Amino acid sequence: ERDEDDDKRPITLLQQRGIEADVLIPFVRRLEDEIGTERAHEVAREVISEIAREQGERVAEALGRNDLEGFTHVKDSWGGAGGDLTIDTLRQDDQVLEFNVVGCRFAEMYRNMGAADLGFLLSCQRDFSLSEGYSEGLHLQRTQTIMQGAAFCDFRYRLAQPATVSEDAPAVDSDPRG
């Protein structure tokens with residue numbers, strides 16, 4: 001017997017990535033055979049990045065904001081999705097969001113699917129485009145991921161500061177002739 005609430009329960013991000021991976025992994029493997037690994041990954045990266053950028057825009061629109069505080073809700077949803085990610089927050093304020101992902105069920109899932117080599121392409125690389133779509137001023141720096149064999153993923157988000165020009169700043173001579 002079906003529970004009527006089954007249709008109302010959203011799937012977790014891990015479940016969504018698993019559903020996508022069931023289609024994308026064989027598709028990317030076929031592309032690798034047909035057009036070569038490098039070009040296949042380039043095409044997949046472009047398409048997935050565009051999707052993630054659009055998702056970031058939709059998140060900002062749904063939240064009605066695109067500041068760093070709003071983005072912390074996005075980060076919290078990653079860790080709160082049934083323990084799919086274990087996150088250690090290092091710093092969280094209105095200018096900086098720094099955290100490490102120390103446990104990643106996404107990496108386990110791709111390994112179990114025999115596609116550890118595609119996990120970064122299909123999942124991790126989305127993070128940059130998602131943040132760009134969320135806010136042009138939000139910049140992510142990440143130097144390592146569990147998916148690529150590191151002990152943890154280092155997420156370092158910064159909110160760009162608009163340049164300010166003082167009224168008493170000296171004029172710059174832009175005439176190249178001197």
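The values are calculated or read from the model by the stated rules, or taken from the named source; none is laboratory data. Note that the structure is predicted; figures quoted are calculated from it, not measured. Heads up: the accessible areas ignore ligands, DNA and RNA and are worked out on the full protein's heavy atoms, side chains in. Shrake-Rupley method; radii C 1.70, N 1.55, O 1.52, S 1.80 Å.
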Roughly how many Å² of PHE27 are accessible to a 1.4 Å probe, to the nearest 10?
-> 120 Å²
How big is the gap, in Å, between the Cα center of the stretch 96-112 and the Cα center of the stretch 26-85?
-> 14 Å
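Give me the accessible area per residue for the stretch 12-131, probe 1.4 Å, as a whole number in Å². Could the numbers behind the result be given before it?
Details: 6250 Å² over 120 residues.
So the stretch 12-131 comes to 52 Å² accessible per residue, rounded to a whole number.
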Going residue by residue through the stretch 50-58, the Karplus relation 6.51 cos²θ - 1.76 cosθ + 1.60 with θ = phi - 60° gives ³J(HN,Hα) values, rounded to whole Hz and with x marking Gly or Pro, of 5, 4, 5, 4, 5, 5, x, 4, 5
Using the Karplus equation 6.51 cos²θ - 1.76 cosθ + 1.60 (θ = phi - 60°), what ³J(HN,Hα) coupling, rounded to whole Hz, does each residue of the stretch 89-105 give in order, writing x for Gly and Pro?
-> 7, 9, 8, 8, 9, 6, 10, 9, 10, 10, 8, 10, 8, 9, x, 9, 6
Roughly speaking, what is the stretch gain from ILE51 to GLU38, that is 0.36 nm per residue apart minus the C-alpha to C-alpha distance, in nm to one decimal?
-> 2.7 nm
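Restricting things to alpha carbons, find the Rg to Rh ratio for the stretch 46-102 using the Kirkwood radius for Rh.
Working: Rg = 12.4 Å, Rh = 12.4 Å.
My calculation puts Rg/Rh at 1.00.
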Can you list residues whose amide H is under 5 Å from ASP117's amide H, if they're 5+ apart or on another chain and H is modeled 1.01 Å from N?
-> none
Quick one: divide the alpha-carbon radius of gyration of the stretch 98-159 by 2.2 N^0.38 Å and tell me what you get.
-> 1.15
Kirkwood Rh in Å, taken over the stretch 61-165 so that all alpha-carbon pairs contribute = 14.5 Å
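In whole percent, what relative contact order does the stretch 77-119 give with Cα contacts below 8 Å and a gap of six or more residues?
Working: 47 pairs, mean separation 12.6, N = 43.
The normalised contact order for the stretch 77-119 reaches 29 percent.
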What residues qualify as long-range amide H neighbours of CYS104, i.e. H under 5 Å apart, gap of 5 or more or another chain, H built at 1.01 Å from N?
-> THR86
